[in-house]
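Participant: Could you have a look at this structure, given as C-alpha cells, before my questions?
What follows is calculated from the coordinates using simple rules that are stated; it is not laboratory data. Values in this document were obtained by computation on a predicted structure and should not be read as measured data. Please note: Cβ atoms are built from the backbone with ideal geometry, for glycine as well, and neighbour counts cover all protein chains shown.
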Amino acid sequence: MQVMQPERTSSMPTEGVAMVVGAGPVGVRVAQEIRRRLPNRPLVVFGAETWQPYNRIRLSSALAGELPWSQLGTDLRLPEDPLTRVHLGCTVTRIDRIARTVTDAQGDVHPYAELILATGSRPHIPDIPGTGRSGVFTFRDMDDAQRLLARRVRSRRTVVLGGGLLGLESARAMARHHTEVWVVEHNDRLMPRQLDAEGSAVLKARVETLGIRICLGDGVMAILGDRQVTGIRLRSGAIIACDTVVVATGIRPNIQLALDAGIAVGRGIKVDDAMRTADPQIYAVGECAEHRGVVYGLVAPGFEQAGVAAHALAGGQSRYPGSVASTRLKVLSTPVFSMGEAGAEQSLDAAREAVYRNETGDYRKLVIRRGRLIGALAVGPWSELASIQEALLRQRRIWPWQRDRFRRTGSPWPEQERDHVAQWPATATVCNCMGVTRGTLSNAMQAGCRTAEALSAETGASTVCGSCRPLVQELVGGAPQRQAVPRAGALVTVATLTVALIVLMSAVPISFPDSAEWSWRWDQLWRDAFYKQVSGFSLLGFMVLLGLLGLRKRVKAVRFGDFAAWRLVHVVLGAAALAVLLLHTGGRLGHGLNAALALTLIGLTVAGGLAGMTIGREHAVAVRSGRRLRRLTTNLHIAALWPLPVLLVFHILKFYWY
C-alpha cells in the first residue's frame, strides 16, 4: 500500500474550511458526504497513520492470507479535487477553539471554520503485570497487523486475551503455519455483549473445530517471562506456556484531543442529535462520539452519524435518533447476527423468547415484548437477516402463530411473504458492515453497475463479511449462492448405499442351502437360537444408540461435538442396523407382529436414507422444492419411528414369554 508523507499548509483558501480529523472508515465517509453536499467548500483531512485509508474491519482477513493487502483500501476513497487537501501521517495535537485552529505534530497551524472529530478509538490494555514485555501485541491498526504478520511465522503458541469479536478475529489470523492458538476470556461465554449462553456455546463449538482452544471463565493474573514472554498465569493458578500474547480486550474512545480543548466528554466526546459537541463549530462522529450516553463501537452507526454531521454542516436540519445496537458479520467464517435486546447483557423483563435450532447446528432467537419484535440473534447463515433487521427497526408485530412458525422453520413468515430486496424502502440497510442502503445500490445500478461484482466495487457492499452477498445478487437478478451442509458428500454416499441395500434385499431374496454337503449353512444365522439372540440384541443396541443420538438434538445437556459429524454417524448406524436386520431375519419378513416390526424398521430406514440424500443435495435444487422435500422425508422418518417402541416390546415379550 502506498505511503503518503505529511504535507505542509498549502495556499488553500482558509475561509469556510471544513476540517476532518481522522481518516478511518467514518472519517472518509464524512469527507465524502461533505464533498457531495458542498462541492465548492475547501476540505482538509488529517490522518495520524501514514497508510492510505483502509478498512480496519478487513485487517484480520488480510493477516489470515484471505485477502490481498492491496485491497484493504479499495472501498475507501477520499475526495480527489483541487479543494481537498489530505495530510496523512500527521497527528493533530491541539485545538484552539477561540482562534479556530488546530496544531499538528510538526507545529504547523491550520485554521478551520467547522471541525469534525473522527478520532476513533484505541486498544484497551488491562492492568496486568507483564504487558510491556517483548512478545505482547495489540491488534487494532495496520501497524499492529504488520507486526503480527512478521511474528506469526515464528510463533509456536499464541494466546489471545479476549473472546469478543476482535479476539476471535485475532485468533483466526494467527492460526496459521501450525501455530497453536488459545483464546482466554474472563467471561463464561464468547462474545458476551452480542450473544446469549446458547448462541455462545454454538459459536464455541464451531471455533474449536478449527483447532483453536478456548478457555472461558478464567482471567489473566500475569504475563510471565523476563524480557520475552514465556507464558501467562490465570486466576485459577493454571499456567499456559506461550511465546506470543495478543491483547484484544476491547477499545476505548480517543477523547484526549477534545478533553485538552475543554470540550465536554464522558466515555466519549458528548454530542447532540446534530452530532455537535459543546462547541457548536465542532462535531464528533464514530467510535469517539457519545450520543445520549451511548458510545457505538461499530462502523454502521458511525456512517449514519457521518451523514447527519455533514447534513448539519451544510445547513440541514436532520437529527440522529441513535442506532439500534446491531452486529452482523462473520466470525471465523461463521455468520453471527445480534441486534436489539437479545444479548446476555440486555434486560429482558416481560419479554418472550422464540428459539430455533436446525440439524446443521444453526441457532436463532427472537425476543418479543408486548407482541413486538425487540431483539434477535443468530449463529449460522440466515437468508432473512435483512428482513429481520427491518422488522426490528420498525418493532414489527409478531403474532403467536408466527412465533410457532419460527420455532418450526426458523422464519416467522412464509417464504412467499418475504419482499424481494428491490421492494425494500430506499433507506433499508442491505450491507450492515459498510452501511450501504438499498437506495444506494439502486442508484449505482442506474449508473451502470449491472453485476454483483460491479455493485460491490462501487458501493463496498458485501466486501467485508460477505453475509449480504445473496441480497446483492438478488437485486441484480442473480441467484444467491447456496452452500452444501457440512459432510454432504459422505452423507449422500452412505444414505444412497443404505437405500440401495434395501432395494437389493427386496429384489434378491436370500436362498437357503439346498444340500447337506454345504460346509457352511448360513441359514443357521437366523435359525439357531443363539445366533438369533446375538443378532437381535445387536439390533436392539443399534436402535438404542440411534435413539440417544436423537436426544442430542433435543436435550441441551447432551449437546456436544459437531452436529454434522453426529448426523453422519446416525446414518451409518442406520445402515448397520439394516445389515443386522438382514442377518436376524434372513430377508424374510415373517407374519403378524414380526412382519409389522420388520416393515416398520425398513420404512424407518428408507425414510431416513431419503432424508439424508435430500439434506446432502438440498443446495443443488430450488429453495422451495428443497425445503418441501426435506420436510416431507423428515416427517416420514419421524412418523415411521412412533410405532417402533411398542412393536419392539411386543416382539421381545413374544419371544421370551410365549
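Participant: With θ set to phi - 60° and the Karplus curve 6.51 cos²θ - 1.76 cosθ + 1.60, what are the ³J(HN,Hα) couplings of segment 23-28 in order, to the nearest whole Hz, using x for Gly and Pro?
Facilitator: Each residue's phi maps through the Karplus curve to give 10, x, x, 6, x, 5 Hz.
Participant: By the gyration tensor of its Cα atoms, with a ≥ b ≥ c the square roots of the eigenvalues, what is the shape of segment 178-259: rounded for a/c under 1.5, prolate for a/b over b/c, or oblate?
Facilitator: Cα axes put segment 178-259 in the oblate bin.
Participant: Along the Cα→Cβ direction, 7 angstrom out, place labels at LEU67 and ALA620. What is the inter-label distance in nm?
Facilitator: Distance between label points: 3.3 nm.
Participant: With label points built 7 Å along Cα→Cβ from the Cα atoms of GLU359 and ILE239, find their separation and express it in nm.
Facilitator: 5.0
Participant: Using only the alpha-carbon atoms, what does segment 15-160 span along each of its principal axes? Please give whole angstrom values in decreasing order.
Facilitator: Over segment 15-160, Cα extents along the principal axes are 57, 34, 21 Å.
Participant: How would you order 358-367, 79-88, 233-242, 372-381 from highest to lowest mean count of nearby Cβ atoms within 10 Å?
Facilitator: 372-381, 358-367, 79-88, 233-242
Participant: Take MET613, MET174 and order them by how many other Cβ atoms sit within 10 Å, fewest up front.
Facilitator: MET613, MET174
Participant: Between segment 242-266 and segment 51-99, how many Å separate their Cα centres?
Facilitator: A separation of 19 Å, based on Cα centres.
Participant: If the chain between ARG227 and THR50 were fully stretched, how many nm would it gain, using 0.36 nm times the residue separation less the Cα-Cα distance?
Facilitator: Full extension from ARG227 to THR50 adds 60.8 nm.
Participant: Once you put a point 7 Å from the Cα of THR451 and another 7 Å from the Cα of VAL534, both along the Cβ direction, what distance in nm separates them?
Facilitator: 6.4
Participant: Continuing with the same structure: Name the residues whose placed amide hydrogens come within less than 5 Å of the amide hydrogen of GLU180, ignoring near sequence neighbours (fewer than 5 apart) on the same chain.
Facilitator: For GLU180, whose amide H was placed from the backbone, the distant partners under 5 Å are ARG157, THR158.
Participant: Sticking with this one: Would you order SER338, SER333, SER318 from fewest to most other beta-carbon atoms within 10 Å of each residue's own beta-carbon?
Facilitator: SER333, SER318, SER338
Participant: Please arrange VAL183, VAL580, VAL153 by how many other C-beta atoms lie within 10 Å of their C-beta, fewest to most.
Facilitator: VAL153, VAL580, VAL183
Participant: While we're looking at this one, here's another question. Once fully extended, how much extra length lies between ALA565 and ARG213, figured as 0.36 nm per residue of separation less the alpha-carbon to alpha-carbon distance?
Facilitator: Using 0.36 nm per residue and subtracting the Cα-Cα distance, I get 124.8 nm.
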